[in-house]
Each structure stands twice: as C-alpha cells, then as structure tokens.
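Reviewing the structure listed below.
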Amino acid sequence: MNKQQLFLGLAVVTTAGILLSGCISQSPTTSTEEQNPAMTTQKQGDTTMSGQLIQLGEKYYLQRTGESQQEVDSYSVDLASYVGQTVTITGQFSGDTLFAGKIETQQ
C-alpha cells in the first residue's frame, strides 16, 4: 500500500467519524409536555372555572376574583346570553382559550 492510498483511507475514515459523531452528540428532542409536565396538566381533559362572564369587543372573558381574565370561546354555547352573569364554565383548553362546552348560572 502506498502513501497516497493510506492518506485517502485515513481521510475517508476521519470524515465518516466526524459526520457520525455529529449525529450521536445531538441530544434527543422532547415535546413541551416532557420538558415541563406542569405546563400541560391544567390543559388536559375538562376544566371548570367560575366567575363573571364579560365581553370586551368581540371576545368573551371570565373575570375571576383575584385572578387574571380567562379568554372564553364556544362553538356550542351562546356566550352573549350569559354576559354580566356569574357562571360556572366547563370546557377544554385550546392554547390559552377555554372552549366552553357547558355553562351554568350561579344564583
């Protein structure tokens, strides 16, 4: 084996090693749920919240005592008929919006 063939063989092995080491050294990607399970706990399944339903512009919000307003939307409930009332909303989150499936008025 001459020097040129030896050099070519070493170059191929070195290049392959560099390329493969880049694949191995990358850490596996994880979903947001795996990184911070507390972030999604609230947003799985049904959620129930109580407060006064208000309308600001074209959007609806649940005003809860001592907490920030929660945006509310619904495909099945006419939210306009509950504006100004104290309600209990049961629904599911999509992003930061609570989609109401059921609304009960509080007396």
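The values are calculated or read from the model by the stated rules, or taken from the named source; none is laboratory data. What you see is a predicted model; the values in this text were computed from it and never measured. Note: ideal-geometry Cβ built from the backbone for every residue, glycine included; neighbour counts use all protein chains shown.
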Self-check item: Qualifying strands (runs of 3 or more DSSP E) (wholly inside the chain; at least 2 residues being over 20 Å from the mean Cα position of the chain (by Cα) and modelled with pLDDT of 75 or more)
Solution: 47-56, 59-63, 86-94, 97-105
Quiz item: Before we move on, is TYR75 surrounded by fewer than 14 Cβ atoms within 10 Å (Cβ to Cβ) and in contact with a strand residue (DSSP E or B) (Cβ under 8 Å, 6 or more places away or on another chain)?
Solution: yes
